[in-house]
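The next block holds one structure in the form of structure tokens; read it before the comments.
The values are calculated or read from the model by the stated rules, or taken from the named source; none is laboratory data. The structure presented is a predicted model; accordingly, all values stated were derived computationally and were not measured. Glycine also receives a Cβ, built like all others from the backbone with ideal geometry; neighbour counts cover every protein chain displayed.
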Amino acid sequence: MSSKEKVLKILEGLSLNELCEAQSCINDLITRLEKNGATSQKKADDEARIPMERREQERFYEIFPCKLERADKQEEATFEGTVVDISKTGLRLKINKKLEAGSVLVLSPDYDRIYKKIFVEVVRVKEFMGQYEIGVKHILINDNTKK
């Protein structure tokens, strides 16, 4: 069994609160390692490819479920996702469906009883152990672009 499989097996056994706490601990560890200048070559290579503006905005780490649908293919079924963090310009989501950068989605938070829709565009997709982490930016829809 690979180390990734072992980690996934451990994480699958945790509750949502335990996963949030684990994520916080991992984020703290990453921050501490970055401050100490300890980065692997792979991490340095990955960071070189990420546009710097992605991390300039203050982020709020919230985890809540949402419903998503493709704006260009509304005949397809709605699918579920989880909002992991929020910034002024976008969101980071975890989903089980593979999407491509440039896809436009309609996001509805599960807690929203007014059913407001947030239009977002996928700017990056990263696969990790059968799940997809996507970065999206907010799109302001004006009356001329609504259909």
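Values for this structure:
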| quantity | calculated |
| --- | --- |
| Condition check for residue 126: modelled with pLDDT of 85 or more, touching a Leu at 6+ places or on another chain (Cβ under 9 Å), among the basic types (Lys, Arg) and within 22 Å of residue 16 (Cβ to Cβ) | no |
| Single residue of 90, 102 found to be at pLDDT 85 or above, in contact with a Gly (Cβ under 9 Å, 6 or more places away or on another chain) and among the small types (Gly, Ala, Ser) | 90 |
| Hits in region 64-79 - residues which are assigned to a strand (DSSP E or B) and surrounded by 16 or more Cβ atoms within 10 Å (Cβ to Cβ) | 66, 67, 68, 69, 70 |
| Tally of residues being more than 17 Å from residue 127 (Cα to Cα) and either surrounded by fewer than 16 Cβ atoms within 10 Å (Cβ to Cβ) or of a type in the set (A, V, I, L, M) (or both) across region 80-95 | 3 |
| Residue list for region 124-139, restricted to those being of a type in the set (Val, Ile, Thr) and part of a strand (DSSP E or B) | 125, 134, 136 |
| Search result, residues across region 22-41 that are over 26 Å from residue 12 (Cα atoms) and modelled with pLDDT of 70 or more | 34, 35, 36 |
| Members of region 82-120 found to be within 14 Å of the chain's Cα centre (by Cα) and farther than 19 Å from residue 64 by Cα, listed by number | 98, 99, 100, 101 |
